[in-house]
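The values are calculated or read from the model by the stated rules, or taken from the named source; none is laboratory data. What you are looking at is a predicted structure, and each value in this text was computed from that prediction instead of being measured. We place every Cβ from the backbone using ideal geometry, glycine too, and count neighbours over all the protein chains shown.
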Amino acid sequence: MKRKINFDLMRVFLAFLVVVLHTSAFFWPLENFSDNNFLYLSFINSFTRASVPVFLMLSGYFLLSREENLTYILKKSLHIYILFIIWSIFYTFPAILRDFSFKNFINLFLSSNYHLWYLMAAVWCYLLSPFLYGLKKLPEKYFNYMMVFMILFGPISYSLSNFINILNHPTLYNLYSTLRIYFFGNIIIYFASGYFLKKDFNKIFDFILKNNLILFLIFVCVSIFNGFLTFHFSKVENSPIMIFFDNFNIIVFLQSFIIFLFFKNINFSSIKKSTEKIILIFSKCSFGIYLIHPFILRYLGPLFLEKNPISSTFILSFIIFILSFVFSFIVLKMPFAKKLVS
């Protein structure tokens, strides 16, 4: 099967978005909540927030399109879990050296670094893939109903719960919590959605879902709206409000769908071999970029604290992305170490 270069380009784009997301988040809580810089950083956060969920959708797109045997699934899950342990130790090691104790080690290890949740999410997705293989065998109509139901009682339910909570209306919140139905973890919904979006829909939906201009305009509108929501409620509460940026917020879920569909729709029928080669090199390094970039941010970020946070976000993101790419590229060339970033 011919490799779909648009998905490799998506990986590169997502890796860069993740770097921008975490770099902007580094400056975001340090700003005055009524300041323009906080508003602009909220917009940057909003535009990049869906990057990690789309990685899960990509995994679902490829894994659920074929049926792997249980041995492969267990080996892959174990490999990712070992990576989680190794990288958790890597990120907690400096703190352990400063204050070494067994209790401190356990606490730091269990909390791990903020971006490593993706690895554990991937483990659960792989382990639950046999169950999803079973859902695939349902008649298409029933599979579609199942996906719609999961979305309705997943991200939409979660988002409504958060919104009711910030309204400070205990009675309404308790009533909703009582009536709310929990179905599947939202992580699994992202994973399954990657496969779900592989199919064609009816003509009306296809006109929207396969039109990148419409998708782009919707993405811009919902991202701006989400940024304004975050800015407004943070200003009211005089504290950074994160619920609209949560990976399971319905707006982030919609953004994830749009990014995935946008790149899926791109047709590279006449791409130059040299361009394709560059995209493939960066694509292979995307996982390593994801794993190492917070470490570089930890040490370079403080150097930019006295500078303009908006320009610093983009300059620092570019520097971190390139340094992370170089690290990943070098490690992938080492036979004894390449599995740490692949």
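Tabulated data
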| read-out | value |
| --- | --- |
| Selection within the stretch 177-223 - hydrophobic (A, V, I, L, M, F, W, C), modelled with pLDDT under 80 and more than 14 Å from MET150 (Cα to Cα) | LEU179, PHE201, ILE204, PHE205, PHE207, ILE208, LEU209 |
| Given (1) closer than 20 Å to GLY288 by Cβ; (2) modelled with pLDDT of 85 or more, number of the condition LYS75 does not satisfy | (1) |
| Residue pairs meeting the criteria (Cβ under 6 Å; at least 6 apart or on separate chains; first farther than 21 Å from CYS285 by Cβ and of a type in the set (A, V, I, L, M), in the stretch 308-326; second modelled with pLDDT of 95 or more and surrounded by fewer than 18 Cβ atoms within 10 Å (Cβ to Cβ)) | none |
| The stretch 71-97, subset farther than 15 Å from VAL123 by Cβ and in contact (Cβ under 8 Å) with a residue 24 or more places away in the chain, residue surrounded by the most Cβ atoms within 10 Å (Cβ to Cβ) | TYR91 |
| Among residues of the stretch 255-296, those that are touching a helix residue (DSSP H, G or I) at 6+ places or on another chain (Cβ under 8 Å) and not in a helix (DSSP H, G or I), counted | 5 |
| Residue count, the stretch 224-254 (criterion: part of a helix (DSSP H, G or I) and modelled with pLDDT of 80 or more) | 20 |
